[in-house]
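Presented below is the structure to which this report refers.
The values are calculated or read from the model by the stated rules, or taken from the named source; none is laboratory data. Bear in mind the structure is a predicted one, so any value in this text is a computation, not a measurement. Here the Cβ positions follow ideal geometry from the backbone for every residue, glycine too, while neighbour counts run over all protein chains shown. Side chains are part of the model used for accessible areas, which takes the heavy atoms of the whole protein and leaves out ligands, DNA and RNA. Shrake-Rupley method; radii C 1.70, N 1.55, O 1.52, S 1.80 Å.
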Amino acid sequence: MTFASRWPAILQAVMKGQPRALADSHYPAWHAAPVTGLMNDPNGFIWFAGRYHLFYQWNPLDCDHRYKCWGHWSSADLVHWQHEPLALMPDEEYDRNGCYSGSAVDNQGVLTLCYTGNVKFDDGSRTAWQCLAVEQPDGSFKKRGPVLPLPDGYTGHVRDPKVWQHDGEWYMVLGAQDVQKHGKVLLFTSSDLQRWQPCGEIAGHGVNGLSDAGYMWECPDLFALDGTHVLICCPQGLAREPHRYLNTYPATWMSGAFDYQRATFDHGELHELDAGFEFYAPQTTQAEDGRRILIGWMGVPDGEEMLQPTRAHGWIHQMTCPRELRYRDGRLWQTPVRELETLRETECQWQGAARGAPVLDATSLEFELETACVNVDFAGAMRLRWDEKGLRLERASLKNGETLTRFWLGDVNHLRVLCDRSSVEIFINHGEGVMSSRYFPAHPARVRFEGASDITLRYWSLRRCMIE
């Protein structure tokens, strides 16, 4: 059966699955999530023709990683999203095993998708094609086919093109694995999006003195920000350290000087982008007003994802909130985009000892906390411990009940926390750090503050905001 013949099954899955998902007490009230099936990487994030467009990896037929399509949402304000026609299906020979991740560009007024066509062979080997598709007047996309085959010297794990234009030339970074099984980021250039010239490796294992950098680098994104260049990437195979890189695969960033003439990236060390339990495959775009906006997948592949209870309701995973990025004092800062403040209802305030603070409804909540050394209990399902060393976020393993911990080390003086029905995003010191995590409390869920320290608390309930 070809994938194109699955249209009736997809339509039936959506019609049957959406009511089940919306009835789940863990389905988000304002985060973007699939109507049914599995969603993962954000793709093609772009401001185009007066709207933001966010595509996403989607299997509408089941809660697993087969049948990867590109779903599509659009928004005028990063808050209120609407469904657009399904953008890509794996229905050609060159993408038969999945339309994998990629980006979107404005090519002379035409919204153009750049994605990886994944092909697996019966002997277990694989290959990858970098492909194009262009928007049609009815909002659908017409595939233009492959424009870049598998480059020499690399395995079939070459994917996730991020494409941009600079001074009339197109540039592409690709995540890759060389034949020695080392992770790399490759750079290509083109004058027309069709014919691509290799420029070499700009990051990864063995590049710029970086060693022990893993066996595959996914989802690269290179951009200028506040006087430097930032490369975001997801290295697979990094060694776990006592307090970072504790997820199965982390998301990381590095900063430095990218030279367009020499096609080189002189960068510094790797840093973890998000210290929580679930964060992967982030992608950025430039807003109309110049801000650099990031959205990530609040999930991690190959961890405990298949044990999440939402699978019983026919859906799994969600996106993070949109975040504005800034580079300052050698750090990458992340803050929720200002547009999200429109979801706030009446502001409440409280001061006093933490243990006397009001118990808050965590269903759809934002709060800001100023204090030192206080604990926050999220419905008994997750706990944030705050001491002089920094933060520890704890929850039970879905596999065996063992307590799992994630860390953010450093002085903490302010927290801004966004809660949805099954997610928590903790912004530390006005964006110096972030911890993003899913959790699955019994509802109604409550947030409680513990300890004798005095706190200053501001909080808002957040309006429901469903995708139309």
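Averaging the sequence gap over all C-alpha pairs within less than 8 Å and six or more residues apart, then dividing by the number of residues, gives segment 405-468 a relative contact order of 20 percent. Residue by residue, segment 358-363 carries 3J(HN,Hα) couplings of x, 7, 9, 6, 8, 4 Hz when phi is fed to the Karplus relation 6.51 cos²θ - 1.76 cosθ + 1.60 (θ = phi - 60°); x denotes Gly or Pro.
Separation of the alpha carbons by more than 31 angstrom is noted, of K143/K399; K143/K184; K16/K68, for K143/K399.
Ligands, DNA and RNA left out, the 1.4 Å accessible surface of the chain is 46% carbon and sulfur atoms. Over the chain, DSSP H runs of length four or greater, each weighted -39,500 (n - 2.57), average out per residue to a 222 nm ellipticity of -1000 deg cm²/dmol.
Amide hydrogen proximity for S101: with H placed 1.01 Å from N in the peptide plane, the residues at 5 or more positions away or on another chain lying under 5 Å are T116, D160.
Taking label positions 7 Å along the Cα-Cβ direction at both A396 and L225, the computed distance is 3.7 nm, reported to one decimal.
Per residue, the convex hull spanned by the Cα atoms of segment 315-431 measures out at 142 cubic angstrom.
Rounded to whole numbers, the Karplus 3J(HN,Hα) couplings from phi for segment 299-306 are x, 9, x, 6, x, 9, 4, 6 Hz, using 6.51 cos²θ - 1.76 cosθ + 1.60 with θ = phi - 60°, and x at Gly and Pro.
Of the trypsin sites (Lys or Arg not before Pro) in segment 256-346, the ones in a loop by DSSP (not H, G, I, E or B) with at most 12 other beta carbons within 10 Å are R262. Between segment 246-321 and segment 381-459, the alpha-carbon centres lie 19 Å apart.
With the simple spin-label model, which puts each label point 7 Å out from Cα in the Cβ direction, the T346 to A287 separation comes to 2.9 nm.
Taking the average, over residues, of other Cβ atoms within 10 Å as the packing measure, peptides 132-139, 31-38, 263-270 rank 31-38, 263-270, 132-139 from highest down.
Relative contact order of segment 346-468, taken over Cα pairs closer than 8 Å and 6 or more residues apart, is 41 percent. For the chain, what does the relative contact order come out to in percent, with C-alpha contacts under 8 Å and a separation of six or more? About 14 percent, as a whole number.
Applying a 10 Å radius around every beta-carbon, put 294-304, 184-194 in order of their mean neighbour count, most first. If you can, show how the numbers build up before the last one.
Values: 294-304: 21.9, 184-194: 18.3.
Final packing ranking: 294-304, 184-194.
Inter-label distance, Q194 to L409: 5.4 nm, where each label sits 7 Å from its Cα along the C-beta direction. For the peptides 364-376, 72-84, 93-105, residues were scored by their other Cβ atoms within 10 Å and the scores averaged per peptide; the highest-first order is 93-105, 364-376, 72-84.
Listed values for segment 118-132 are Karplus-derived 3J(HN,Hα) couplings in whole Hz (6.51 cos²θ - 1.76 cosθ + 1.60, θ = phi - 60°), namely 9, 10, 10, 9, 4, 7, x, 7, 7, 9, 8, 10, 8, 10, 10, and x replaces Gly and Pro.
Under 1.5 on a/c is rounded, so check that first for segment 268-362, then, if it is not, pick prolate when a/b is larger than b/c and oblate when it is not; a ≥ b ≥ c are the square roots of the alpha carbon gyration tensor eigenvalues. Numbers along the way, then the final one.
Details: a/c = 1.58, a/b = 1.06, b/c = 1.48.
Oblate, because a/c is 1.5 or more while a/b does not exceed b/c.
Heavy atoms of the protein chains alone define the surface here; on that basis the chain has 39 Å² accessible area per residue at 1.4 Å probe size.
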